[in-house]
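Here the structure comes first, spelled out in structure tokens, and everything after it is commentary.
The values are calculated or read from the model by the stated rules, or taken from the named source; none is laboratory data. All values derive from a computational prediction rather than experimental measurement. Cβ atoms come from the backbone with ideal geometry, glycine included; neighbour counts cover every protein chain shown. Each accessible area value is taken on the protein alone, full model and side chains, heavy atoms only, with ligands, DNA and RNA left out. Shrake-Rupley method; radii C 1.70, N 1.55, O 1.52, S 1.80 Å.
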Amino acid sequence: MLDGITFAQASDGLGKCLTAERGAPSAPLGEAKDYRIVLAAKSTGGSVPGDNFHVVGVREDPAGMRVVCDIEDGVASGFSTGTSADDSPDAGPVVPDLNAGGLFQPSATDKGSWKLPFRWAVVGTVEPSVAEVSVSYGDATRQAVLDHGWFVASGVLDRQVTAAPHIKGYDSSGKLLYDSDQDKGWARMLP
């Protein structure tokens, strides 16, 4: 939980998103209590005013399922689901969530006019061989938190950027296992 968001607020927001999407043709979404919240952070940098935040919840069953949703002034808005099973068969030991770009860039309508400072985050999955993940974005590098097969990194930008976050994963001996610059599925530049 970041930016003063409480677990109760994040759980309530996740519940609102799941209720709003209950009829979606995707995998069964379940209830907020079925998820482990790995991130709740203010949604900043865009043109939507108000008290807005992102929440990311993950499930064990079905394995690797994740939801990212936005809460704008207490109302569910913007919703994305996915599973680690969506990844290609040749996925590496670190798999950034390609559908969670809204966590590290404003919407397309705000391209070129970010409101600063901008809270960003990157989420994805890691294999057990990964002991450390670092994410460089703007002028800073952050160590990700690893949590039951997921990674989460966050920071604050004080300037607009054009390069996407650069992600690296290492084993316990410090050997590089993953570099997003070598990942054909990860764009190096923001759209």
GNM top mover of 159, 36, 119 - the chain, alpha-carbon springs below 10 Å: 159
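Note down the relative contact order for the chain as a percent, whole number, built from C-alpha pairs under 8 angstrom at least six residues apart.
Relative contact order, the chain: 15 percent.
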Note the full-extension length gain between residue 6 and residue 36 as 0.36 nm times their separation in residues minus their Cα-Cα distance, in nm to one decimal. 9.4 nm
Please return the longest stretch of the chain lacking exposed loop sites, where GluC sites (Glu not before Pro) count only if DSSP places them in a loop and at most 15 other Cβ atoms lie within 10 Å. 61-191
Note to self: with every protein chain in place and a 1.4 Å probe, the chain gives an accessible area per residue in Å² of 50 Å²
Given Cβ point charges of +1 (Lys, Arg) and -1 (Asp, Glu) and nothing else, what value in debye, to the nearest 20, does the dipole of the chain about its Cα centre take? 340 debye
Roll a 1.4 angstrom probe over the protein heavy atoms and tell me the percent of accessible area of the chain that is carbon or sulfur. 52 percent
Lys/Arg Cβ at +1, Asp/Glu Cβ at -1, dipole of the chain taken about the Cα centre: which of 113, 78, 94 is farthest positive-ward? 113
So how much slack lies between residue 75 and residue 175, counting 0.36 nm per residue of separation and subtracting their Cα-Cα distance, in nm? 31.6 nm
If you wrap a convex hull around the Cα atoms of the chain, how much volume per residue is inside, in Å³? 118 Å³
If you look for lysine pairs in the chain that are eight or more places apart or on different chains, how many of them have Cα atoms under 18 Å apart? 4
